[in-house]
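Below is one structure, written out as structure tokens, with a few remarks after it.
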Amino acid sequence: MEDTWTNRDLPVLEAAVRLLDADGHWVSVRDIANATGIEPEDVARSLVALYPRYVGEMDQFTGGPEPLTISTVTAEARERVGQWPTPESLIERLAAAFNVAADREPDERKRGRIREIAGMLTGTLKDLAVAVAGEVIARKMP
């Protein structure tokens, strides 16, 4: 079975999210095809495959794939393309930022402590950190 996610579906999803944010209205197969270089028929197949998990409202005004349009994407789509953080991606970015801060820290003792924090965020405290990040993202914590 051919992998369609990497070469077709993910690029279509990324373009759909970007174009919907830029336009705020309906985005057509032709718009996405122009943005990705993917053939319109393949874009249409992708949108059907992405519906309803990633693509919300979709309509086809006349025959053929090009009149197919979308007007919404799901929250999961925005998370998948990195527009919205997931608890996991937020913790990964935070740990990476701590590692960058450690690289810049001239004091060896402080550098070691900063790396320890980064290590805990991706190691022993990862599950707790992800849970807390999920609460923060959902605005259930200050």
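At a glance:
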item	result
Some residue of region 24-37 being under 30 Å from THR122 (Cβ atoms), surrounded by fewer than 20 Cβ atoms within 10 Å (Cβ to Cβ) and not hydrophobic (A, V, I, L, M, F, W, C)	no
Condition check for VAL48: buried (at least 18 other Cβ atoms within 10 Å of the Cβ) and outside the structural domain of ALA131 (by TED's automatic domain parsing)	no
Test: residue in region 64-86 that is surrounded by fewer than 12 Cβ atoms within 10 Å (Cβ to Cβ), of a type in the set (S, T, N, Q) and under 27 Å from ASP31 (Cβ atoms)	no
Identity of the residue in region 1-23, in contact (Cβ under 8 Å) with a residue 60 or more places away in the chain and crowded, with 20+ Cβ neighbours inside 10 Å, that ends up nearest to GLN83 (Cα to Cα)	VAL17
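Table: residues versus (1) charged (D, E, K, R); (2) within 17 Å of the chain's Cα centre (by Cα).
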residue: PHE61; (1), (2): no, no
residue: THR72; (1), (2): no, yes
residue: GLU92; (1), (2): yes, yes
residue: ALA96; (1), (2): no, no
residue: PRO106; (1), (2): no, no
residue: GLU116; (1), (2): yes, no
residue: LYS126; (1), (2): yes, no
residue: ALA131; (1), (2): no, no
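Yes or no, residue by residue, for (1) touching a Gly at 6+ places or on another chain (Cβ under 9 Å); (2) without any contact (Cβ under 8 Å) to a residue 24 or more places away in the chain; (3) among the small types (Gly, Ala, Ser); (4) farther than 30 Å from GLY56 by Cα:
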{"site": "THR69", "(1), (2), (3), (4)": "no, no, no, no"}
{"site": "PRO85", "(1), (2), (3), (4)": "no, no, no, no"}
{"site": "ARG93", "(1), (2), (3), (4)": "no, yes, no, no"}
{"site": "GLY112", "(1), (2), (3), (4)": "no, yes, yes, yes"}
{"site": "ALA129", "(1), (2), (3), (4)": "no, no, yes, yes"}
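The values are calculated or read from the model by the stated rules, or taken from the named source; none is laboratory data. Note that the structure is predicted; figures quoted are calculated from it, not measured. No Cβ is skipped: glycine too gets one built from the backbone with ideal geometry, and neighbour counts run over all protein chains shown.
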